[in-house]
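The structure appears right after this line, and notes come after that.
The values are calculated or read from the model by the stated rules, or taken from the named source; none is laboratory data. Just so it is clear, the structure is predicted and the values come from calculations on it, not from any experiment. Here the Cβ positions follow ideal geometry from the backbone for every residue, glycine too, while neighbour counts run over all protein chains shown. Protein only, heavy atoms only, side chains kept; ligands, DNA and RNA dropped before computing areas. Shrake-Rupley method; radii C 1.70, N 1.55, O 1.52, S 1.80 Å.
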Amino acid sequence: MKSSAELKKDILAIDHRGYPGYKGLRGSYRFKDHVLSIDHVQGDPFASPSHLSVRVDGDKAGFPKDYYQDNIFRITLQDHLTRCFGKALAPFSFKAKGSGKSGLLSVSHCGQQVLERTACEVSADGSVTVRFEAGFPANGRSVNAGELVKMLFQFVPEAVQSALFYEKLNQNALKKAIELARDQQFIREHLSEQGLAAFLADGSVLPRESGISDRPMKGAVPFQSPASCAVTFTLPYHGPVTGMGIKKGITLFVGGGYHGKSTLLQALEMGVYNHIAGDGREYVITDPSAWKLRAEDGRSISHTDISPFINHLPNKKDTVHFSTEDASGSTSQAANLMEAVESGSKLLLIDEDTSATNFMIRDELMQKVICREEEPITPFIERGRSMYDDLGVSSIIVAGSSGSFFGIADTIIQMKEYVPYDITERAREAAASYPALKQQEHFPVSDNMRAPKANQALNKDPRLKMKTMGTNEMLLAKDAIELRYLEQLIDPEQTNALAYALKYLELNRMNGSRTVPQLLDDIEALTASKGLSALYDKEYVRSGLAMPRRQEIAACLNRYRKLYFN
């Protein structure tokens, strides 16, 4: 490892040379309080920026061991340091002048949720590594040594000093972030033993600022649980917190339009993640396996058993091993549900606004006009109860136009001006005068559902190319994988991680003998033992990945059009 003095000497030696002269700077350099690594140098000032990292040894960083020996604490510490380093680095971005991306200094942007990222890693000995991007300065396409010296010897060290040393940080803010994470995890770990699928604390702010902002809406009505649904958790740090406990089984939210039904469901969708202080949803906690179920016209489906819901198609198409390149609303929602069960999800979140009506319900009049033998769809309303009784899969349903769900719901909540009211008894009394819809006694579990056929990869080329487009789409080789309807995929860096995970599986695990659940287990075992950075196939680790859930990895796999089965 070279010294910082040698780095400065090497930089000044290439001043005014062609931009490729920067390539010779790759390596690690010891500064007084940190190690700077130049991992990748951009080939041109207008190209994607260079990748750098800094490491502060554990004894110098000085963070308490309790903050990084527990996994939840460690992820929260890493998230907090990424935010602090980004805030410290931001004022220096583009202060060094030049052409193209000269002077850029950038670290991963963290949103309202706390995610594990490759942008920051705290190792077992307390060492802190932060990865970021930098635009090496140029005059035209020539090296601007003076400006790079300013970046690496002034700007970056100042950010490191203010953000990566415990004694320099706002220790109380970090302590509160750690304690909040532990309290959130405490609720999540105790949901099941309380017989709950989700929890919403009193005082939570559920509405968001706007369609393009995930910050809490100012002046929003704070959430308040109906007395009949109130439960209290005594948290390790916060103490008692009371709110609405949504029981396992089937819970129905009804009410007029714009009264907060979908807003509440969206908060539950995000409840699978921890949130930062001030978000308003800090104590909105959902079963971590929760799956937002919706129709998805046009998605690809590969050998999925949708026979519990769809059978006897007019074209005689096999629905036990159903495949299509262009699914309808009903077949896509049936496939999404079966894939959710396959991934291990124990909670479905359903909004009638984004569901296929013919998949969800079939009223009594329609059944009289079109007899059951002429209808290939067994609607969800006939399977929802048996899904819980036989598979332990709960459902939270938002409905505003059909009272058919009253007959299967355990709890019925009316949202009125963003306030929930328990109307279970009143709704049941009203429903008693209507004919009850037939319920299927048991959820059929076929051999194909118990043991999905093994997938076979088609491409073993390690140069397999990838491209991601936000949270909407990714390309693997020339195959597009649509992700825009995965509503719990929240960060572009999660999409990046999905691309690397799929590439890893295709090159290393898709061998004709692994099922989709086994592939998911493979990825979880890899990241648990070696960290998220294990997905990278380069000689260095860069920022840009955030941990996706098992459910999003499953959804990505099941949308891969090249995936086929023996």
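Looking across the stretch 9-31, the residues that are in contact (Cβ under 8 Å) with a residue 40 or more places away in the chain and either touching a helix residue (DSSP H, G or I) at 6+ places or on another chain (Cβ under 6 Å) or assigned to a loop (DSSP other than H, G, I, E, B) (or both) come down to 11, 12, 14, 15, 16, 17, 31.
In the stretch 251-279, of all residues being buried (at least 22 other Cβ atoms within 10 Å of the Cβ) and on the phi > 0 side of the Ramachandran plot, the one that is farthest from the chain's Cα centre (by Cα) corresponds to 255.
Looking at the stretch 525-560, which of the residues that are in contact with a helix residue (DSSP H, G or I) (Cβ under 8 Å, 6 or more places away or on another chain), charged (D, E, K, R) and under 25 Å from residue 327 (Cα atoms) is least open to solvent (accessible area, probe 1.4 Å)? My answer is 552.
Restricting the stretch 23-34 to residues that are surrounded by fewer than 19 Cβ atoms within 10 Å (Cβ to Cβ), in contact with a strand residue (DSSP E or B) (Cβ under 7 Å, 6 or more places away or on another chain) and over 24 Å from residue 101 (Cα atoms), which is modelled with the highest pLDDT? Among those residues, the one meeting the criterion is 30.
How many residues are of a type in the set (D, E, K, R) and touching a residue at least 60 places away in the same chain (Cβ under 8 Å) when one looks only at the stretch 374-419? Residues that pass the stated criteria total 5.
Among the residues of the stretch 358-366, are any among the β-branched types (Val, Ile, Thr), open to solvent by 10 Å² or more (accessible area, probe 1.4 Å) and not in a loop (DSSP other than H, G, I, E, B)?
Our first condition is that a residue be among the β-branched types (Val, Ile, Thr); within the stretch 358-366, this holds for 361.
Adding the requirement that they be open to solvent by 10 Å² or more (accessible area, probe 1.4 Å) leaves 361.
So of that shortlist, the ones also not in a loop (DSSP other than H, G, I, E, B) come out as none.
So far as the stretch 358-366 goes, no, none of its residues is among the β-branched types (Val, Ile, Thr), open to solvent by 10 Å² or more (accessible area, probe 1.4 Å) and not in a loop (DSSP other than H, G, I, E, B).
Being in a loop (DSSP other than H, G, I, E, B), surrounded by fewer than 18 Cβ atoms within 10 Å (Cβ to Cβ) and not hydrophobic (A, V, I, L, M, F, W, C), is that true of even one residue in the stretch 347-356? Spell out the reasoning first.
Filtering the stretch 347-356 down to residues in a loop (DSSP other than H, G, I, E, B) leaves 355-356.
Narrowing the set further to residues that are surrounded by fewer than 18 Cβ atoms within 10 Å (Cβ to Cβ) leaves none.
Checked against the condition, which is being in a loop (DSSP other than H, G, I, E, B), surrounded by fewer than 18 Cβ atoms within 10 Å (Cβ to Cβ) and not hydrophobic (A, V, I, L, M, F, W, C), the stretch 347-356 yields no hits at all.
Taking the condition closer than 21 Å to residue 400 by Cα, of a type in the set (S, T, N, Q) and either open to solvent by 40 Å² or more (accessible area, probe 1.4 Å) or touching a residue at least 40 places away in the same chain (Cβ under 8 Å) (or both), does residue 242 pass? Criteria not met by residue 242. Residue count for the stretch 451-472, restricted to those that are at pLDDT below 85, surrounded by 14 or more Cβ atoms within 10 Å (Cβ to Cβ) and not hydrophobic (A, V, I, L, M, F, W, C): 5. Those residues that are on the phi > 0 side of the Ramachandran plot and more than 34 Å from the chain's Cα centre (by Cα), I need them from the stretch 119-162; list them, please. Listed by number, the list holds a single entry, 140. Residue count for the stretch 225-239 satisfying the condition of being open to solvent by less than 70 Å² (accessible area, probe 1.4 Å) and assigned to a strand (DSSP E or B): 5.
Within the stretch 128-174, the set of residues being in contact with a strand residue (DSSP E or B) (Cβ under 6 Å, 6 or more places away or on another chain) and either assigned to a loop (DSSP other than H, G, I, E, B) or of a type in the set (Lys, Arg) (or both) comprises 131, 136, 144, 164.
Number of residues in the stretch 407-428 that are open to solvent by 20 Å² or more (accessible area, probe 1.4 Å) and either under 32 Å from the mean Cα position of the chain (by Cα) or farther than 20 Å from residue 384 by Cβ (or both) equals 11.
Screening the stretch 478-490 for residues that are open to solvent by less than 40 Å² (accessible area, probe 1.4 Å) and more than 21 Å from residue 354 (Cβ to Cβ) and picking the one that is modelled with the lowest pLDDT gives 479. Taken across the stretch 383-406, residues that are modelled with pLDDT of 95 or more, farther than 25 Å from residue 554 by Cβ, touching a Lys or Arg at 6+ places or on another chain (Cβ under 7 Å) and assigned to a loop (DSSP other than H, G, I, E, B) do not occur at all.
Among the candidates 116, 121, 179, which residue alone is modelled with pLDDT of 95 or more and over 20 Å from residue 545 (Cα atoms)?
Values: 116 fails: over 20 Å from residue 545 (Cα atoms); 121 fails: over 20 Å from residue 545 (Cα atoms).
So the residue among 116, 121, 179 that is modelled with pLDDT of 95 or more and over 20 Å from residue 545 (Cα atoms) is 179.
If you filter the stretch 295-317 down to residues that are assigned to a strand (DSSP E or B) and not polar (S, T, N, Q), you find that the one that is modelled with the highest pLDDT is 310.
Restricting attention to the stretch 180-214 and to residues that are in a strand (DSSP E or B) and of a type in the set (D, E, K, R), the residue that is farthest from the chain's Cα centre (by Cα) turns out to be 209. Filtering the stretch 46-101 to residues that are open to solvent by 70 Å² or more (accessible area, probe 1.4 Å), part of a helix (DSSP H, G or I) and polar (S, T, N, Q) leaves 69, 71. The set of residues in the stretch 541-562 that are among the hydroxyl-bearing types (Ser, Thr, Tyr) and either at positive phi or in contact with a Ser or Thr (Cβ under 6 Å, 6 or more places away or on another chain) (or both) contains only 543. For the condition at pLDDT 80 or above, assigned to a loop (DSSP other than H, G, I, E, B), open to solvent by less than 70 Å² (accessible area, probe 1.4 Å) and over 27 Å from residue 288 (Cα atoms), residue 507 does not qualify.
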